[in-house]
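The values are calculated or read from the model by the stated rules, or taken from the named source; none is laboratory data. What you are looking at is a predicted structure, and each value in this text was computed from that prediction instead of being measured. Virtual Cβ from ideal backbone geometry, glycine too; neighbours counted across all protein chains shown. These area figures cover heavy atoms from the full protein model, side chains too; ligands, DNA and RNA do not enter into them. Shrake-Rupley method; radii C 1.70, N 1.55, O 1.52, S 1.80 Å.
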Amino acid sequence: MASNLVSYVMQMLTPDVIGRIAAALGLDSGKVQSAVGAAVPAVLAGLGSIAAQPGGAQKIADAVRQQSGSLGNLAGMLAAGGPESLAQSGSQIISSVFGSKDGGALANAIGKISGLDQNASGSLLGTLAPLVMGGLAQHSGGDLSANGIAGLLASQKDNIAAALPSGMSELLGGAGLLGSLGATARATTAAAGQTARSAASSVSSISGAGQRAATTAPPTSRNWLYLLIAALVIAGVLFYLFGRQSQPVTPQVATGEQSLTVGGIDVGKQVKDSLANLQTTVTGITDAASANAALPKLQDAGNQLDKVSAVLGRLSAGQRAALTALVSPLIPTLNGLFDKVLAIPGVSEILKPTIDTLKTKLAALSA
């Protein structure tokens, strides 16, 4: 069993499952992928907030017991093409646990992060709710009491907070759904704000000191100050008129996004989807068993990268540069994830050849 509850649930949401959810709900798979990454930790954060309220933990425990079957079975229902039944069950969970107001606020936050409208994010939220509850049940160690569920959510707050995408903490906090996670989020925000205020204060102090110096300086000193300022201005004008001529002119670069569509295939989207799926898959690897389960997905990711590599020769110089700019920033993160899972006992023997091949393919795309 994975120690990280978010990863434990996310590893069930394979690219194939997410594709089926998107198809069943009539949504863009890329937006659904983004929404899922936001929704799972957001739901858990909301549950943590409710568990801290009087009677809230019992309400969650009752809902969890209804989903105490195997999380794999729930994911299997999705893979078998049954998102509708899960969505109906999940909508009841959201309604009973969160209520209409908080459930709507949660759906709204997920929609803002992923680009889905509130109806679509609400439907997706209902589909995912049974999986999250099933994850809690499987992760509880058999203690489905109110205290057990509350303790589990409290123990996972750091993992949940780390999994929330940028901007989600503010949205959940504004809706009152951040609960105990809010302390961490507020501390981070406060630290950033204090840094900004300190910087502003420093600038203000320097400016004020300059003004005071100019005000208190005797007339003769002010005359020299004015002469110095005038000399600096004249020097700046002369440099602008004559010094700039010797400087090479930097060509302007178009700021519009370079299209990566070749032969009707959106190579850029294919690469982004493949890398997102690859990151999700690798994040879910926690032991040898999950490594075996992830192996076919990693191999499939390699096949998708091969398809992209097959059209590299048809890319223009500008398109190739855009592809490099797209892939290169992601490689350090992926390599870090690769190294992390390979260090897990028993995983290297299963995945190292495949991961080494993936590293080579990614390096070729970024070259």
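Side notes on the structure shown:
- Any hit, the stretch 70-83, residues being of a type in the set (Gly, Ala, Ser) and at pLDDT 80 or above: no
- Set side by side, the residues Gln270, Gln319, Gln279, Gln299 differ, and just one is among the polar types (S, T, N, Q) and either crowded, with 19+ Cβ neighbours inside 10 Å or in a loop (DSSP other than H, G, I, E, B) (or both), which is Gln319.
- Yes/no for Pro54 being surrounded by 23 or more Cβ atoms within 10 Å (Cβ to Cβ), of a type outside the set (A, V, I, L, M) and modelled with pLDDT of 85 or more: no
- Single condition Asp158 does not satisfy, out of (1) over 22 Å from the mean Cα position of the chain (by Cα); (2) surrounded by fewer than 23 Cβ atoms within 10 Å (Cβ to Cβ); (3) assigned to a helix (DSSP H, G or I): (1)
- Residue selection: Thr354 fails the criterion of being under 21 Å from Pro296 (Cα atoms) and open to solvent by 50 Å² or more (accessible area, probe 1.4 Å).
- Tabulated pairs, the stretch 267-279, first basic (Lys, Arg), second outside any helix (DSSP H, G or I) and modelled with pLDDT under 80, C-beta under 7 angstrom, 6+ apart or interchain: none
- Residue pairs meeting the criteria (Cβ under 8 Å; at least 6 apart or on separate chains; first closer than 18 Å to Ala61 by Cβ, in the stretch 93-114; second open to solvent by 40 Å² or more (accessible area, probe 1.4 Å) and of a type in the set (Lys, Arg)): Ser96/Lys59; Val97/Lys59
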